[in-house]
Amino acid sequence: MIEITGLKKRFGQQEILKGIDLTIEEGEVIALIGRSGCGKSTLLRCINFLEEYHAGTISMDGVELWYRCDKNGNRVRRSTAEIAACRQLMGVVFQQFNLFPHMTALQNVCLGPRYSQKVKPDLAESIGRKVLTDVGLAEKVDAYPNYLSGGQQQRVAIARALAMRAKVLLLDEITSALDPQLVGEVEDVIRNLTHEGITMILVTHSMSLAREVSHRIAFIDDGLICEIGTPEQVLDRPSSPKLNEFLSI
Amino acid sequence: MNSNDLIMLLKASGYSITLSVGAITGGTILATLLVLLAFSPSRILQFIYRVCMWVIRGTPWLVIAMLVFLSLHGMSIRIGRYYAGWLALSICFSSLFAEVIRGAIIAIPETVFDSTKSLALPRLIVLRKVLIPLVLRQGLPPYINVCVMTVKGSSILSVIGVWELTYASREIIERNLTVFQTLFAAAAIYFVICFILDRLGRNLETRLAARGFAHDLAEGKQND
C-alpha cells in the first residue's frame, strides 16, 4: 500500500535518513524502533511531508505522493492542492498532542472533515461525536484541551486523526509525553484500532506495545533500516549486534 | 477652577478619547500592514520592516508629531491639526502595535502548524480558525498595554495645537492660574480613561480564559 524507496533526508550537512526502503501492506501495523536521533520520527514526518526529503520516493497504491517529475525530468514538489489531497489519506498523531487550545474537543475533531473535506457542518459534527465516543470521550466533547488530562488530550488527537477517515494512521511516540498511569488508556485505543484493520505506522519506545500490536517491527539505526521482521524475530532473536545492544538497555 | 472649567475639561477629554480611539484603530491597521512585511518571504520586505521599527520606535513621539504636522504644512496639505495629530499618533504607536502582533505570532508553537498541515487545512481556514484566534488571545494583554500608552500619548498632540485634554488644562491654567487643581483634574480624567480600558481588557481576558484559554493563569491549572 505504501512503498518507500531510497528515502534520503538531511538537515544541513547532517544526513538523517540514508536510503530507507520500506513497503507497508494494507492493514498492516508496523512499529519503528531505535535510539533517539536515529531518524525514526523524521521518517514518519517525511511520510506525511511535514519534512521535505532530498531523494527517494514515497508512493501510495502506486502513485508517488509528494514529488513528481516535470517535463525536463526534474524532481519538483507537487502543488499545494495535490499535497493537501494526499495528506487527507493519512492521519497523524503527535507526541505533544498538538491540539488547538482555543477549540473544544469536538471543534478540534470536526475541523478536518469540515474544512479539508468540505463535509456539511451537521455531518461533520456527527462524525466528530462518533469518533470521540469511539475513543471513550463522549462526555468530554465540549471540554477545552486545558481541562483534559494528557491521556484524554491524546485520545482527542487520535480521534482528530480518525475523523478524516484516513487509510493510514501515523503515530509519533504518542505515549512518550504521558505520565505512566495515563499510557494505558491511550494504548487501549490503539489496541482497539488494530482490530479494525487500519494501516498504522507507529514510532515507539515501548517494546511491549510494539510486540503486542504490530505485525512487523523495523529497527532503525543511523538512518537505515537495520533489521526488520515479525516482533518475535526482531525482539527475541535479533541478528545484528546493534539491535542486540539496543534491546539489552 | 469653576464648574465651567470642569465642563471644558470633560469636553476636551472627549476629544482625547476620540483621538486615542482613532490612533488605536489607525495604529493597529498600520501595524497589521507592517507585520505582513515582517512575515513576507522576501528578505528585502523583512528588512524594510526592521528599518521601520528602528526609525519609528527610535524617534520620540513629540518629534514625530511635529515632523508630521510641519511636513504636511510644508507640503501645503491642509487636513487640519486634528487629523494631522491623529496621523502622527497612529504612526507613533503602529510600531508598538506591530511588535505586539509579531510577538503574538511567533509565540505560536511550530507544532500547531504540524497539526494544520497534517489536517490538510486550507490556508484561509488556518488564518481564520487558528492563527487569528491564537494571536488575539496571546496578544491581548500587551495590546491593552499599548492602548493605555496611546491614551497618555495623545497628550503630546497639545504641542502641535490639537485641542484636547492637556491643551485645555493649559488654557485654564493660563487663564486663572489654578495649576494644581486643573492638573489633578486632568490627571484624574486620564486615569479614569486608562482604568476603564484596563478593566475592559481584563474582562475580555477572563472571558477568553473561560473558553479554554489562559486558564492556567486565571485559576490554577487543572491537570491530569
*Take the Cα of B:Glu110, step 7 Å along the line toward its Cβ, and report every residue of the range A:19-57 whose backbone nitrogen sits under 12 Å from that point.*
A:51-52
*Comparing B:Val126, B:Val159, B:Val21, which has the greatest mean-square fluctuation in the GNM of chain B with Cα pairs linked when under 10 Å apart?*
B:Val126
*Name the residues whose placed amide hydrogens come within less than 5 Å of the amide hydrogen of A:Ile225, ignoring near sequence neighbours (fewer than 5 apart) on the same chain.*
A:Asp21
*Between the helical axis of B:61-74 and the dominant principal axis of chain B, each derived from Cα atoms, what acute angle in degrees is found, rounded to the nearest 10?*
70 degrees
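For B:128-134, what's the mean count of beta carbons from other chains sitting within 10 Å of each residue's beta carbon?
Details: counts 1, 7, 4, 0, 0, 4, 3.
Mean number of neighbouring Cβ atoms from other chains: 3.
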*Starting with the fewest neighbours, write out B:Phe191, B:Phe97, A:Phe49 ranked by other beta-carbon atoms found within 10 Å of each beta-carbon.*
B:Phe191, A:Phe49, B:Phe97
_Overall dimensions of the range A:132-180 as given by Cα atoms, namely Rg and Dmax in Å_ = 11.1, 30
*asked:* Using the Cα centre of the protein assembly as shown as the reference point, and only Cβ charges (+1 on K/R, -1 on D/E), how large is the resulting charge dipole? Debye, rounded to the nearest 20.
replied: 1900 debye
*Given the convex hull of the Cα atoms of the range A:100-165, what is a quarter of its surface area in nm²?*
3.7 nm²
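Using a Förster radius of 60 Å, what is the FRET efficiency between B:Ala188 and A:Thr57 based on their Cβ-Cβ separation? Nearest 0.05, please.
0.25
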*Rg and Dmax of chain A, using alpha carbons, in Å: what are they?*
18.3, 56
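For peptide A:140-147, how many partner chain Cβ atoms fall within 10 Å of a residue's Cβ, on average?
Working: counts 0, 0, 1, 1, 5, 2, 10, 5.
Partner-chain Cβ atoms within 10 Å, mean over residues of A:140-147: 3.
Per residue of A:113-120, count partner chain C-beta atoms within 10 Å of its C-beta, then hand back the mean as an integer. Can you show the working numbers first?
Numbers: counts 1, 3, 9, 6, 2, 1, 0, 0.
Per residue, the number of nearby Cβ atoms from other chains is 3 on average.
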*Please give the direction-averaged projected area of the C-alpha convex hull for the range B:27-84, in square nanometres with one decimal.*
4.7 nm²
_Column: log10 I(q)/I(0), Debye, Cα scatterers of the range A:10-108, q = 0.16, 0.18, 0.22, 0.24 Å⁻¹_ = -0.87, -1.06, -1.38, -1.48
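In debye, nearest 20: dipole of chain B around its Cα centre with unit charges on the Cβ of K, R (+) and D, E (-)? Spell out each step's value before the answer.
Details: 20 positive and 12 negative charges, 110 e Å.
With Lys and Arg at +1 and Asp and Glu at -1, about 520 debye.
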*asked:* Contact order normalised by length for the range A:100-165, with contacts defined as Cα pairs under 8 Å and 6 or more residues apart; what percent is it?
replied: 48 percent
_Residue (of A:Leu32, A:Leu148, A:Cys69) at the positive-pole extreme of chain A, dipole from beta-carbon charges_ = A:Cys69
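Which of the pairs A:Lys71/A:Lys118; A:Lys118/B:Lys129; A:Lys130/B:Lys129; A:Lys130/B:Lys117; A:Lys9/B:Lys129 have their Cα atoms more than 21 Å apart in this structure? Don't jump to the answer; show the numbers that get you there.
Numbers: A:Lys71/A:Lys118 33 Å; A:Lys118/B:Lys129 15 Å; A:Lys130/B:Lys129 23 Å; A:Lys130/B:Lys117 23 Å; A:Lys9/B:Lys129 32 Å.
Check vs 21 Å cut-off fails for A:Lys71/A:Lys118; A:Lys130/B:Lys129; A:Lys130/B:Lys117; A:Lys9/B:Lys129.
Values in this text are rule-based calculations from the coordinates and carry no lab data. Note that the coordinates shown come from a computational prediction; the quantities given were computed from them, not determined experimentally. Virtual Cβ from ideal backbone geometry, glycine too; neighbours counted across all protein chains shown.
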